[in-house]
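Inspection log for the structure reproduced underneath, given as structure tokens.
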Amino acid sequence: MSHILEITGLTKTYAGGLTALKDVELTIEKGEIFALLGPNGAGKTTLIGAVCGLVRPTSGTIRAFGEDMSAHWRRLRARIGLVPQELATDMFEPVQRAVGYSRGLFGLPPDPARVEEILRALSLWDKRHAQVRTLSGGMKRRVLIAKALAHEPELLFLDEPTAGVDVELRRDMWRQIAQLRERGTTVILTTHYIEEAEEMADRVGIINKGEILMVDGKRTMMERLGRTEALIALARPLTDLPSALAHFPISLNEGGTVLCYRGGGGRAGTAEVAELTKALTRGGIDYTTIDIHESSLEDIFVNLLEGGEA
């Protein structure tokens, strides 16, 4: 993969003294889906605004497509699409005209066939003559995506794309975002929904109070910071742990009826639980049930924000 976006030392301090971004370092690879997670006020929207020219950084550099954004802003911005968090569009405009107008804003000639293709892909073709104000919340958000795609961007920002959308429509939009990536579009999304990142993202970044806490591949992050927990109900209570089990990260509950395992995340933790059950069998220790829990991305996210371990 090659870098499509490189952010170095990006800081934004507002006149009132609020620092929204603190020395942010971030690199986005071409063709990936990158999810930026963080609570309200973490700096997600400010970061997007800085890349898209809506926020002027206090310091730092932004390079897009290998070029300095500050030196070639107009030309590079034309290759970037933005779906804002707020419904910022003319509510009295018919859908088809609104999408076509967005294409013209970036100096592209009219292309009814391309607009039709976008509207059909987003299940909006039947609504092409309807005024935006008459659409449901989910459909209005699709119009924003259509407008952002009208000028055929190579890099697409989605700021809370499924906020206020019901579960069924949210999953439908996930599929549409995956299809964008299949067509070669690099997608960066911010979200409050951890399941959204877990479902779609190749890599995940966690931001809080304007600082990037971590960036890693989703699977790598879950295996490195995640935990596997298993509760094994014993057929007969134990008074203490046999020496043959001493090397496992386990403990007994107070009554000696449940063996508690807490080890590494991902495949390593699952494999160790399997070894533990074999050791129990070899030692003649019967058990009745095993309840295994793997850390989710949400567990890792919450613990990072709290400054602890997953």
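The values are calculated or read from the model by the stated rules, or taken from the named source; none is laboratory data. Everything numeric here is computed off the predicted structure, so don't read it as measured data. Cβ placement follows ideal geometry from the backbone for every residue including glycine, while neighbour counts extend to all protein chains displayed.
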Only one residue in Leu47, Leu82, Leu105, Leu36 is within 23 Å of Pro161 (Cβ to Cβ) and surrounded by fewer than 20 Cβ atoms within 10 Å (Cβ to Cβ). Which one? Leu105
Kindly indicate the residue of region 21-33 that is under 21 Å from Ile80 (Cβ atoms) and at pLDDT 95 or above and also surrounded by the fewest Cβ atoms within 10 Å (Cβ to Cβ) among those meeting that condition. Glu25
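A quick yes/no check of all residues on (1) over 22 Å from Val187 (Cα atoms); (2) touching a strand residue (DSSP E or B) at 6+ places or on another chain (Cβ under 8 Å); (3) not in a helix (DSSP H, G or I):
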{"residue": "Ala71", "(1), (2), (3)": "yes, no, yes"}
{"residue": "Val115", "(1), (2), (3)": "no, no, no"}
{"residue": "Arg120", "(1), (2), (3)": "no, no, no"}
{"residue": "Pro161", "(1), (2), (3)": "no, yes, yes"}
Restricting region 253-310 to residues that are of a type in the set (Gly, Ala, Ser) and in contact with a Ser or Thr (Cβ under 7 Å, 6 or more places away or on another chain), the one modelled with the lowest pLDDT turns out to be Ala310
Right, Gly210: on the phi > 0 side of the Ramachandran plot and in the same structural domain as Ile48 (by TED's automatic domain parsing) or not? yes
Could you give me the residue pairs with C-beta distances under 9 Å whose first residue belongs to region 259-286 and is closer than 16 Å to Leu234 by Cα, whose second residue is aliphatic (A, V, I, L, M) and assigned to a loop (DSSP other than H, G, I, E, B) wherever it lies, and which are 6+ apart or on separate chains? Leu259/Leu238; Leu259/Leu241; Leu259/Ile285; Ala279/Ile285; Ile285/Ala235; Ile285/Leu238; Asp286/Ala235
Can you run down the residue pairs with Cβ atoms below 6 Å, 6 or more apart or on separate chains, where the first is in region 243-258 and in contact (Cβ under 8 Å) with a residue 12 or more places away in the chain and the partner is assigned to a strand (DSSP E or B)? Pro249/Arg262; Pro249/Gly263; Ile250/Leu259; Ile250/Tyr261; Thr257/Leu234; Val258/Leu231; Val258/Ala233
